[in-house]
Structures are given as structure tokens and as C-alpha cells.
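Down below is the structure, laid out as C-alpha cells.
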Amino acid sequence: MPMRRRAFAGLQIGISLHVTADTITVALPGDLTKSGQPWEADVPQCVEPLLHRYVNEARLFLMERGQQHHNVLWVGRSGTPLKKAALSPRIAEQTLKLTGRRIPPHFFRDAAATTLARSSPEHAKLIRPILAHTSFGTAEHHYIHAQTIEAGRDYAALINQKKKVRR
């Protein structure tokens, strides 16, 4: 879900995050998007069980421990809301643990757009509404980036093929 860091940090249960037994939906009001347009999407099914567990167990445990009562989704060890500035290092730390590389949160937005453009060039026009941009400039950038990646891979394969023929 390619949200901006401010929107991700500002998620509030019952306001911008709607949790039911079957689905979890993110519904960002215009003031949490750069374009000023509301944005809504269901949390992917592969993430739902983890987020349900966080909301129903981990978050509640942390809030009880700190005697906190609020609807902010992301909380620290004492149950207080995490600030936007605290989320980026935590995300980078977790990606380093899981992948061996530190990945800043904004790279997930870039990856979503580039992945869409690479997997389905004809659907690259969907990048604008997914990222909640007002123009197609960024979508075009990711489309060109995806095409460059493909061209580079094709070129590398051709070079490797030529090397094998020479031997």
C-alpha cells in the first residue's frame, strides 16, 4: 500500500483505518494525501492476519502497559503514538533485519509504481491514482524506469549470449 509516511504515521483506527473481521480498509481523507484527494484501498489479504494480530494483541498490550487510551494505530513500547520521524528508522531497521538492506519507506512507493509499470506497461496509467498524484509525470517516470530496467536486462542477456557463442 504505497502511502506517504505522514499518512502511514497518521492512521487512526475507526477514522482512517477500518477494521472488521473480514477486511481492513485504509481510507485517507484529503488532508492526508499530497493531492488533497481522498484515497481508499483494502489491505492486501496476505497482510491482514498480521495487522489483525497487531491491532488486537500487540497494540492493546502496549497501550495497557502504558495506560494509554487513543485510536492511533502505531504505538511505541509505552503505548504512546509513534511520531512520523520515529517510523522511518524503525522501518529501515526492520528491512535491514529481514533483507540485509536498509530500505527507507518512500522506496516502497517507488517500488509499487515501478513494479506496476514493469509487470503491465499498459496499466502504467494506474500509477497516478494509486499514488494519489495529480499529474501523469511521475507515472511516466516509472514507466520509463521500468522500460530501462527491461532494456538493460535484454542487453545483458544479449552480451552473455554473444560471449557463449565466441567460446
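For the stretch 75-115, name all the residues that are open to solvent by 50 Å² or more (accessible area, probe 1.4 Å) and closer than 20 Å to Leu60 by Cβ.
Arg77, Ser78, Thr80, Pro81, Arg90 - these are the residues of the stretch 75-115 that are open to solvent by 50 Å² or more (accessible area, probe 1.4 Å) and closer than 20 Å to Leu60 by Cβ.
What are the pairs with Cβ atoms under 7 angstrom where one residue, in the stretch 21-35, is modelled with pLDDT under 90 and the other, located anywhere, is open to solvent by less than 20 Å² (accessible area, probe 1.4 Å) and outside any loop (DSSP other than H, G, I, E, B)? Sequence gap at least six, or different chains.
Pairs that qualify, where the first residue is modelled with pLDDT under 90 and the partner is open to solvent by less than 20 Å² (accessible area, probe 1.4 Å) and outside any loop (DSSP other than H, G, I, E, B), are Leu32/Ala7; Thr33/Ala7.
For the stretch 5-46, how many residues meet the condition of being open to solvent by 60 Å² or more (accessible area, probe 1.4 Å) and in a loop (DSSP other than H, G, I, E, B)?
Of the residues in that region, 9 qualify.
Do we have Leu51 as open to solvent by less than 90 Å² (accessible area, probe 1.4 Å), assigned to a helix (DSSP H, G or I), modelled with pLDDT of 95 or more and closer than 23 Å to Asp110 by Cβ here? Give the steps one after another, and end with the answer.
Numbers: open to solvent by less than 90 Å² (accessible area, probe 1.4 Å): yes; assigned to a helix (DSSP H, G or I): yes; modelled with pLDDT of 95 or more: yes; closer than 23 Å to Asp110 by Cβ: yes.
Against the criterion (open to solvent by less than 90 Å² (accessible area, probe 1.4 Å), assigned to a helix (DSSP H, G or I), modelled with pLDDT of 95 or more and closer than 23 Å to Asp110 by Cβ), Leu51 qualifies.
Among what's in the stretch 50-85 and is among the hydrophobic types (A, V, I, L, M, F, W, C) and without any contact (Cβ under 8 Å) to a residue 24 or more places away in the chain, pick the residue that is farthest from Thr20 (Cα to Cα).
We begin by selecting, within the stretch 50-85, every residue among the hydrophobic types (A, V, I, L, M, F, W, C); these are 50-51, 55, 58, 60-63, 72-75, 82, 85.
Still in the list and also without any contact (Cβ under 8 Å) to a residue 24 or more places away in the chain: 50, 58, 60-63, 75, 85.
Working: Leu50: 14, Ala58: 17, Leu60: 16, Phe61: 20, Leu62: 21, Met63: 20, Val75: 20, Ala85: 29 Å.
The extreme case among them is Ala85.
The values are calculated or read from the model by the stated rules, or taken from the named source; none is laboratory data. Please read these numbers as outputs of a predicted model, since none were measured by experiment. Every residue, glycine among them, receives a Cβ derived from its backbone with ideal geometry; neighbour counts consider all protein chains shown. What goes into the accessible areas is simple: the full protein's heavy atoms, side chains included, and nothing from ligands, DNA or RNA. Shrake-Rupley method; radii C 1.70, N 1.55, O 1.52, S 1.80 Å.
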